[in-house]
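Here it is, the structure, as structure tokens.
The values are calculated or read from the model by the stated rules, or taken from the named source; none is laboratory data. Since this is a predicted model, take the numbers as computed values, not measurements. Don't worry about glycine lacking a Cβ; one is built from the backbone with ideal geometry, like all the others, and counts go over all protein chains shown. Heavy atoms of the whole protein, side chains included, go into the accessibility calculation; ligands, DNA and RNA do not. Shrake-Rupley method; radii C 1.70, N 1.55, O 1.52, S 1.80 Å.
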Amino acid sequence: MIFSKAGFGGAVADFEAAVVAQDAKRSGKAFIRLQETFGRAKETELFAGGPRLAAVLEQVPPSPRAVVAVLVGACVERGADAERCAPGVLAGLRAALEGAVAFGEAWAATGGGAFPVPDDGEPGEEIVERTGFEAAVGWWTLSQWEMAAVALLNHRAVRAGLDGAAAVRAGLDGAAAVRAGLDEEAAGAGLDEEAAGARLDERAAGARLDDATVRGQADSGRGELLRLLTAVAQASGQELRCLSYALQVLDDEPLVVLHRPSATGYLLRLSGIGDNFQLHTLLADALIGGGHVAGRAPSPQEVAVCRETPGQVETAGSFELVAPDGDRLWNEGTPADIPVVDGVRLLVLDEPSYARSWPAGRFFPGMRGDLILERALEPGETERWFARVSPAGELTG
């Protein structure tokens, strides 16, 4: 038996049983034990405990629920299965965001003013009277839900070659279900495996069917969370940047890159890149380091910290990142900012307009970043893509 009465495993078992039985006194004692014993938990207790706690989150009272979610995230960071923990945590995150949106609406309707800064306790009576208990708890616990959700979306939990966090992100979009539907459609058309694959891969001047399009066709849970997050930021003036960036991470995403100085084009595929600083360095490695275009290639150390090596290394800019319409794409943004043209994200690289340097590394230290150069585009393909972008000129962003 994995759990014993002592230690974190025993606390999980007691808490689980008490929550299911709606025994407030017993669950309160087990809740305290969860926090007291987590630091000494064994690996097997964490592996089993994270999913078990996530499974009962919905039944936990609102105020301690976020703390339990943080413990679930901490279990994932120490090896628990992110996919098994995700449904409970992400459902709680959505409820907290919805509560925070309601809090903003009620706060404005009752006189407005600066949003109160949550403390370690529960929202006070005056705040609850203005906004209602659930809305107040949503705003009060949102930073904890951010911490828990980012742990799941960030941490790498490799299973049979699959990044568990990437699977969580994909699950938010329903992309797998959409792709399965396309596979079924191809099979129904009487196509053999090779022909079906060719049909699914045909898109955008030779680029493969891209997950941006698949995700665009799916009912995007990620999109709804981002919508709620934006509403909270607009009402409160506080941006939950880590959560926003984590929800925008792209995986197995095709990217067409046009290098304007050399009039060449490339098809790449990116995964797990948290911001455009990281993307910038990996682009320079793939194109300049790969000998395809001229410029300053980053060192192996600069590239390594942008993939999976811990730490940061000083680097310098090699390009100007530009959208097809001529807007500047800032390094402080994310790859999700790159516009989709004909079903594929399209990025233009110009000569840097001024010298820039920054510490190369990863926005999400637990997430492996990857950028693969699949092929150089043929001259005809490159010409067709360049026809879709604005001429070189003064940047408009």
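Collect the residues in region 63-110 that are closer than 17 Å to MET147 by Cβ, part of a helix (DSSP H, G or I) and either among the charged types (D, E, K, R) or open to solvent by 40 Å² or more (accessible area, probe 1.4 Å) (or both), keeping them in residue-number order.
ARG65, GLU77, ALA91, ARG94, ALA95
Right, next: Within region 292-303, how many residues turn out to be surrounded by 17 or more Cβ atoms within 10 Å (Cβ to Cβ) and either farther than 16 Å from SER357 by Cα or touching a Phe, Trp or Tyr at 6+ places or on another chain (Cβ under 8 Å) (or both)?
Summing the residues that are surrounded by 17 or more Cβ atoms within 10 Å (Cβ to Cβ) and either farther than 16 Å from SER357 by Cα or touching a Phe, Trp or Tyr at 6+ places or on another chain (Cβ under 8 Å) (or both) in region 292-303 gives 2.
If you take the residues of region 304-321 that are over 22 Å from ARG269 (Cα atoms) and touching a Ser or Thr at 6+ places or on another chain (Cβ under 9 Å), which of them is surrounded by the fewest Cβ atoms within 10 Å (Cβ to Cβ)?
Only one residue tops the list, namely GLU314.
Given the condition part of a helix (DSSP H, G or I) and either open to solvent by less than 40 Å² (accessible area, probe 1.4 Å) or touching a strand residue (DSSP E or B) at 6+ places or on another chain (Cβ under 6 Å) (or both), answer yes or no: does some residue in region 113-123 qualify?
Checking region 113-123: not a single residue is part of a helix (DSSP H, G or I) and either open to solvent by less than 40 Å² (accessible area, probe 1.4 Å) or touching a strand residue (DSSP E or B) at 6+ places or on another chain (Cβ under 6 Å) (or both).
LEU373 - would you say it is within 27 Å of the chain's Cα centre (by Cα), within 13 Å of ASN276 (Cα to Cα) and either modelled with pLDDT of 95 or more or open to solvent by 50 Å² or more (accessible area, probe 1.4 Å) (or both)?
The answer is no for LEU373.
Still on this structure, I have one more. Just name the residue that is surrounded by the most Cβ atoms within 10 Å (Cβ to Cβ) out of those in region 51-62 that are part of a helix (DSSP H, G or I) and either within 17 Å of the chain's Cα centre (by Cα) or free of Cβ contacts under 8 Å to residues at least 40 places away in the same chain (or both).
Going through the qualifying residues, I end up with ALA54.
Which number in (1) at pLDDT 95 or above; (2) in contact with a Lys or Arg (Cβ under 8 Å, 6 or more places away or on another chain); (3) among the acidic types (Asp, Glu) marks the one condition that ASP251 misses?
In the conditions (1) at pLDDT 95 or above; (2) in contact with a Lys or Arg (Cβ under 8 Å, 6 or more places away or on another chain); (3) among the acidic types (Asp, Glu), ASP251 misses (1) alone.
List the pairs whose first member sits in region 370-383 and is free of Cβ contacts under 8 Å to residues at least 24 places away in the same chain, whose second member is open to solvent by less than 20 Å² (accessible area, probe 1.4 Å) and β-branched (Val, Ile, Thr), and whose Cβ atoms are under 6 Å apart, counting only residues at least 6 apart or on separate chains?
Qualifying pairs under 6 Å: none.
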